[in-house]
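Take a look at the structure set out below.
The values are calculated or read from the model by the stated rules, or taken from the named source; none is laboratory data. Just so you know, these numbers come straight off a predicted model, no measurement behind them. Glycine also receives a Cβ, built like all others from the backbone with ideal geometry; neighbour counts cover every protein chain displayed. Quick note on the areas: whole protein, heavy atoms, side chains included, nothing else; ligands and nucleic acids left out. Shrake-Rupley method; radii C 1.70, N 1.55, O 1.52, S 1.80 Å.
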Amino acid sequence: MAHTILLLFSQLSLVSSAVRWSGSLGPTSVRIAAEPASSTGLLLVSQHASLSPPLASFQVTSDKFVVEVSNLTSDSLYFYGFDASDVASFRTSSLEHKPLRIAFASCAWTGSRSKIFSRIAQLNPPPLVFIQAGDLHYQNIAEDSLARFEDAYHKVHSSPTQRELFSKMPIIYIWDDHDFGGNNAIGTSKSKPAALAAYRKFVPAKLAEEADGGAAGIFQAYSLNGVRVLVMDLRSQSTPAHGSTLGLQQRQWLLQQLASWRDYRLLLLVSSKPWLGVQGQDDWSGYAEERQLISDAIAELGVRNLVMVAGDAHMLAADDGSNTDFSTLSGAARGNASLRAGFPIFQAAPLSQLGSSKSGPYSHGCFAYRYFVNHQFGVMDVDGGDASSLCVRLRGYRDDKEAAEIEMKVCADSEHGLMKKGTRTSLSASQCSIPLAPPELVGTLLAGIILEGLLLLLQLFLCFTGRMNCCWECFASLQSLLLLFRRAPTSHPEVNFNELEDVQVEEKATQRRQQAKMCALVFLVQLAAVILIVVPVM
């Protein structure tokens, strides 16, 4: 209950806080976005939590505070901040094929103070990075307003639990619709210029196309312990009329990255939309030809080491590759046994949102509660093996439960790696089914619904017996009572206190008081019923 109240107040909070997080992690470099409390500040980077002695220092301003720190030592812990009282940290990646842990998720109410962020921050062993796969906030800004996007970033960073997460590990963040524009926003959204300007100002990301400032998209690529992380921008270049969610330049970049799969032990593809889908332009099913083109490329190139993590759908879900092959060259569509395009995929969301099911089917099922605020995330553990022998373990967690709700382990074989021969027989998709609410809360919900039904019958009885005004008149009764106490005339059409005699006024006032008390009593009981229904789902 206390957490529910805290969550509600966090959504109403207008308190701003300076942005501070790191990103673009590599073995010898990192980018840091550290907004000073005043117009300027001296950012310190050190191998000690005291920030003394500093390895590097940067003079930053309130307008420009993203810096790149280079010449670092691989697989080493560093600290940064303006002073030792508030310090954040990161660990550089390794040049060797060491085990790698990555946490990932998407979709959180603006400024959510959910405890799930603290749980991710306190994972042991700690993730090297956290992938925020879209919907960092839900401001749904559908206009070209830099000020509104700036305010959104500040609201996110005003959350103490999110700041805790950001202070413990670098972030890889890509936008989706609600933090790029309005719901289902695409590349023509009026918000695009402001969204890009704010992203460049606040997010420590190194774009694949830095020269154009993100005009062709904010897609990115990073190498972490021999794993190549490919982050797609599926909103700013999305043009349904042209059948593309990537845009030509980003699609060419992605195909080039897939062609270099032999250079890495694993390719991790980050999608802010479900690869499997039934929603149209809000997932890859709305761009079926482009999805097929990518699947064909995976098959033709012989990619053997691809895994995808995805967001947007508010659920945990996993597929081992049985349903992800949309190629015309492999899988069930053509039956070419020598080609494979089915890759493992794991959906992880929401961090703090109601549940939803937008895609399917999934070999390992899905999990969320539709009418319940879910707090969920995913963890990927990659062992120290190479492309022909590694194992990838993917798990989805919720709240503070230690056991994973969904778990999938995939291991490479010497012939096909991680890829599978898809069993999909058509391009149609079936939506994964999720329950309405946790079983332990169904009783409370039913009690609230039954109480609400009984109250409705009571109101009808009181109305027809004259003990209480009917429906819309109930509020007029309360208004009349309040206005009488203030010695002001009422606007109720049946009564004009200015024209009635004193006795009539008193009689009518007494009647109104009685009816108002009854209305108030019924209202309070009704409020209790609503609480029984609403609070359990928060």
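Determine, yes or no, whether L329 is free of Cβ contacts under 8 Å to residues at least 40 places away in the same chain, in the same structural domain as M232 (by the TED database) and among the aliphatic types (A, V, I, L, M). Yes. From the list Q249, Q281, Q256, the lone residue that is open to solvent by 10 Å² or more (accessible area, probe 1.4 Å), more than 30 Å from E35 (Cα to Cα) and free of Cβ contacts under 8 Å to residues at least 40 places away in the same chain is Q256. The set of residues in region 85-116 being among the hydrophobic types (A, V, I, L, M, F, W, C) and either open to solvent by 20 Å² or more (accessible area, probe 1.4 Å) or out of contact with any strand residue (DSSP E or B) (no Cβ under 8 Å at 6 or more places or on another chain) (or both) consists of V87, L95, W109.
For T239, the criteria (1) buried (at least 20 other Cβ atoms within 10 Å of the Cβ); (2) β-branched (V, I, T); (3) over 13 Å from F219 (Cα atoms) hold in every case but one, which is (1). Within region 96-138, being touching a Ser or Thr at 6+ places or on another chain (Cβ under 6 Å) and not in a loop (DSSP other than H, G, I, E, B) holds for A108, F117, S118.
Considering each residue of region 386-398 in turn, at least one proves to be out of contact with any helix residue (DSSP H, G or I) (no Cβ under 9 Å at 6 or more places or on another chain), open to solvent by 10 Å² or more (accessible area, probe 1.4 Å) and within 23 Å of G277 (Cα to Cα). Only one of the numbered conditions (1) in contact with a His (Cβ under 8 Å, 6 or more places away or on another chain); (2) at pLDDT 95 or above is not met by G385, and that is (2).
Within region 251-285, being of a type in the set (A, V, I, L, M) and closer than 27 Å to S189 by Cβ holds for L254, L255, L269, V270, L276, V278. Of the residues making up region 367-385, those that are of a type in the set (F, W, Y) and over 14 Å from L123 (Cα atoms) are F367, Y369, Y371, F372. Taking T61 as meeting all but one of (1) within 23 Å of L207 (Cα to Cα); (2) crowded, with 20+ Cβ neighbours inside 10 Å; (3) of a type in the set (V, I, T), write down the number of the exception. Answer for T61: the failing condition is (2). Entry remark, region 339-386: residues being part of a strand (DSSP E or B) and of a type in the set (D, E, K, R) number 1 in total.
Restricting attention to region 367-383, and to residues there that are over 21 Å from Q431 (Cα atoms) and among the charged types (D, E, K, R), which single residue is most open to solvent (accessible area, probe 1.4 Å)? Step by step, filter region 367-383, then rank; the result is D383.
Residues of region 278-308 that are of a type outside the set (A, V, I, L, M) and assigned to a loop (DSSP other than H, G, I, E, B): Q279, D283, G302, R304, N305. Would you call A84 farther than 29 Å from F377 by Cα, out of contact with any Asp or Glu (no Cβ under 7 Å at 6 or more places or on another chain) and outside any strand (DSSP E or B)? Judged against the criteria, A84 is a match. Within region 175-201, the residues that satisfy the criterion of being among the aliphatic types (A, V, I, L, M) and in a loop (DSSP other than H, G, I, E, B) are A185, I186.
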